[in-house]
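Engineer: Attaching a single structure in structure tokens format; questions to follow.
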Amino acid sequence: MGNASGLSPADRLAYAGEIIGAPVRIPASPGLGRPVEGVVVDETLSLLYVREPGRARRVAVPKSGLTGTILLGGRELPLRAEALRVRPEDRTKRLLAGGPRRFR
């Protein structure tokens, strides 16, 4: 995780869990061009896929430089690009270990 040390222990625990199904709100950004609000339906190393209400197609949102909010663990948290720019299967290990590249 790029900057897991900037997260509180409670936020790290929330980010370490599953984010698919979480509501997100993302303002317009250089990689996106328009605001997006919906539910995370999939994720890769570099993309979040969000389904907006009333739309059939999902929106691919680049994680690079991503800002916004995400609802995790019943709390609205700031969406931090560097906290999510990792393979989804490695996010739990890295966040709970507390380091960017080390597994303790």
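Engineer: What does the extension gain come out to for Arg87 and Ile20, with contour length at 0.36 nm per residue minus their alpha carbon separation? If you can, show how the numbers build up before the last one.
Structural biologist: On the way: separation 67, 0.36 × 67 = 24.12 nm, distance 1.35 nm.
So the chain would gain 22.8 nm between Arg87 and Ile20.
Engineer: Is the shape of the stretch 15-57 best called rounded, prolate or oblate, per the rule: a/c under 1.5 gives rounded, else a/b larger than b/c gives prolate, else oblate, with a ≥ b ≥ c the square roots of the Cα gyration tensor eigenvalues?
Structural biologist: oblate
Engineer: What distance in nm separates the two pseudo spin-label positions at Leu45 and Thr69, each 7 Å out from Cα along the beta-carbon direction?
Structural biologist: Computed distance between label sites Leu45 and Thr69 equals 3.2 nm.
Engineer: While we're here: On a 1.4 Å probe surface of the protein chains, which of Tyr15, Tyr49 comes out largest in accessible area, and what is the full order?
Structural biologist: On the way: Tyr15 0, Tyr49 40 Å².
If we order Tyr15, Tyr49 from most to least accessible, we get Tyr49, Tyr15.
Engineer: Continuing with this model, one more query. Give the Debye-formula value of log10 I(q)/I(0) at each listed q (0.10, 0.11, 0.19, 0.24 Å⁻¹), with one equal scatterer per alpha carbon of the stretch 1-93, two decimals each.
Structural biologist: Log10 of I(q)/I(0), two decimals: -0.22, -0.27, -0.83, -1.36.
The values are calculated or read from the model by the stated rules, or taken from the named source; none is laboratory data. None of the values given here were measured: they were computed from a predicted structure. Because the Cβ atoms are built from the backbone with ideal geometry, glycine has one as well, and the counts that use them run over all protein chains shown. Accessible surface is based on the protein model in full, side chains and every heavy atom, while ligands, DNA and RNA are left aside. Shrake-Rupley method; radii C 1.70, N 1.55, O 1.52, S 1.80 Å.
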